[in-house]
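**Student:** Dumping the structure here so I can ask a few things about it.
What follows draws every value from the coordinates through simple rules; no lab data is involved. Only a predicted model underlies this, so the values are computations on that prediction, with no experimental measurement involved. Cβ coordinates were reconstructed from backbone atoms using ideal geometry, including for glycine residues, and neighbour counts include every protein chain displayed.
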Amino acid sequence: MALFAVAQPEITLSAAIDTAYKNNLEIKGQNLNAAYLEKLKKTGNTIPKTDASVEYGNFNSYYTDTKFGVGQTINFPTVYKRQKELLNEEWRSGILNVEVKRTEIRRQVTEVFYDVVYFLEKKKILLQADSLYGEFLRKATLRFEKGEANILEKTTAETQRNQLTLQLRQLDEDIKILQRRFQYLLNTPTDFLPLTETLRMPLATSADTSILRNHPQIKWLQQQLNIAEAQTKLERSKLSPDLSLSYTNQSFIGYQNIDGRDKYFNAGRRFSSAQAGVAIPIFSSAQKARISASKINQQVAENNYKVGTQALYSQYLQTFEQYQKYLQAVNYYETSALPNATVIANTANTQFSGGDINYLEWVLLMDQVITIRSDYIDAVRNLNTSVIQLNHYLNQ
């Protein structure tokens with residue numbers, strides 16, 4: 001059963017979150033980034049281009065010879081291993097980024113969902129008051145026309161009605177703005193309104209701070225530290241020598257002395273050789289500077305992790321204290337203020353109908369009733385905001 005009846009299509013909170021998970025463009029963007037990083041994992045074994053060469057001319061003797069060569073340089077195997085490790089860590093960061101974004105979108109969807117619930121509930125209260133004040137404005141106008149009431153009573157009734165009309169218009173605009181935001185988050189052309197059976201959002205769990213270490217944002221910060229460590233290992237591995245291997249095949253046209261006898265070789269007789277080499281990083285000061293910089297980057301990532309963890313714990317505890325404060329206020333309204341408001345409204349209507357109080361006295365009493373009911377909705381909104389934030393910290 002819905003909390004309020006509307007003509008527009010309705011959607012539950014769980015369905016809205018599922019829709020956002022499927023359609024939200026920010027989440028899609030992070031999924032694409034993760035897919036991009038997954039493809040990059042295959043680049044860890046990137047080997048430099050093979051060098052091929054051809055020579056033609058008199059480079060051996062008067063005769064024209066040909067020479068073909070092919071060579072390949074590769075990094076030390078450890079470099080490729082470290083590159084793959086770094087790319088894997090960056091891919092894991094991309095996956096965690098998806099979860100961070102999903103968690104944030106879930107929080108935003110929930111906030112907008114319950115903000116719309118709040119404004120619609122406010123509208124219900126104002127519509128009830130508008131109907132009540134409209135009826136009494138009609139009666140006050142008739143009384144004034146008959147000379148049974150003064151201008152103050154009629155003017156007061158008009159002012160109350162006009163104020164309510166203005167508030168209702170502003171509420172409608174606020175709801176439209178929130179619907180646009182809701183529509184954007186869900187990435188759907190449909191203007192949904194929330195469907196819920198309760199005005200208050202339940203708290204997912206108790207104040208168990210051990211759960212916070214599993215928050216996607218904390219995991220992502222930890223992953224940045226893993227990336228920094230992998231980067232340092234990669235920079236260190238680059239101090240390893242490069243390996244090279246080449247092969248040459250060429251002709252030696254002309255006479256060659258073989259065991260004391262001259263023998264003629266034409267272009268069809270080929271001679272080949274192979275060469276292996278090692279490139280040693282003698283001038284390594286720049287690479288060592290990169291290693292030092294990478295170590296500092298590790299310290300930065302570690303500090304960011306500590307700051308993020310500490311901030312999350314602190315924010316959670318502050319929000320939980322706010323939750324307890326708002327819960328006390330809501331309990332007060334539900335157990336005391338709202339029942340009293342009902343008594344005040346019923347008594348005021350009875351006494352006004354019986355002539356025991358005048359219109360102005362009735363207005364003051366009804367204003368008090370409306371204020372109590374409106375303040376209760378505000379208190380529930382504050383409570384819901386703290387619950388949404390707590391559930392966000394708990395990743396629920």
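**Student:** So, in segment 194-218, exactly how many residues are of a type in the set (D, E, K, R) and either more than 26 Å from the chain's Cα centre (by Cα) or crowded, with 18+ Cβ neighbours inside 10 Å (or both)?
**Tutor:** Matching residues across segment 194-218 total 1.
**Student:** If only one of Gln170, Gln223 is out of contact with any Cys (no Cβ under 7 Å at 6 or more places or on another chain), farther than 17 Å from Thr103 by Cβ and not in a loop (DSSP other than H, G, I, E, B), which one is it? Steps first, answer last, please.
**Tutor:** Values: Gln223 fails: farther than 17 Å from Thr103 by Cβ.
After applying the criteria, what remains is Gln170.
**Student:** To continue, here is another question. Which of the strands (runs of 3 or more DSSP E) contained wholly in segment 240-321 include at least 3 residues that are within 30 Å of Thr78 (Cβ to Cβ)?
**Tutor:** Of the strands (runs of 3 or more DSSP E) lying wholly inside segment 240-321, those with at least 3 residues that are within 30 Å of Thr78 (Cβ to Cβ) span 242-251, 270-279.
**Student:** Mind listing just one residue for me: the one in segment 173-192 that is part of a helix (DSSP H, G or I) and of a type in the set (Asp, Glu) and, of those, surrounded by the most Cβ atoms within 10 Å (Cβ to Cβ)?
**Tutor:** Here the residue is Asp174.
**Student:** Also, quick follow-up: Does Gln275 qualify as being without any contact (Cβ under 8 Å) to a residue 12 or more places away in the chain and either among the polar types (S, T, N, Q) or within 30 Å of Val54 (Cβ to Cβ) (or both)? Steps first, please.
**Tutor:** Working: without any contact (Cβ under 8 Å) to a residue 12 or more places away in the chain: no; either among the polar types (S, T, N, Q) or within 30 Å of Val54 (Cβ to Cβ) (or both): yes.
Spelling it out, it is not the case that Gln275 is without any contact (Cβ under 8 Å) to a residue 12 or more places away in the chain and either among the polar types (S, T, N, Q) or within 30 Å of Val54 (Cβ to Cβ) (or both).
**Student:** Being part of a helix (DSSP H, G or I) and in contact with a Pro (Cβ under 6 Å, 6 or more places away or on another chain): is that true of Val100 here? Give the derivation first.
**Tutor:** On the way: part of a helix (DSSP H, G or I): yes; in contact with a Pro (Cβ under 6 Å, 6 or more places away or on another chain): yes.
Here the answer is yes, as Val100 does meet what is asked.
**Student:** Exactly one condition in (1) out of contact with any helix residue (DSSP H, G or I) (no Cβ under 7 Å at 6 or more places or on another chain); (2) among the basic types (Lys, Arg); (3) surrounded by 17 or more Cβ atoms within 10 Å (Cβ to Cβ) is false for Arg269; which is it?
**Tutor:** (3)
**Student:** Return yes or no: is Lys22 over 30 Å from Ile280 (Cα atoms) and basic (Lys, Arg)?
**Tutor:** yes
**Student:** Go through Val112, Val70 for me and flag whichever is touching a residue at least 60 places away in the same chain (Cβ under 8 Å), touching a Phe, Trp or Tyr at 6+ places or on another chain (Cβ under 6 Å) and surrounded by fewer than 19 Cβ atoms within 10 Å (Cβ to Cβ).
**Tutor:** Exactly one residue qualifies, and that residue is Val70.
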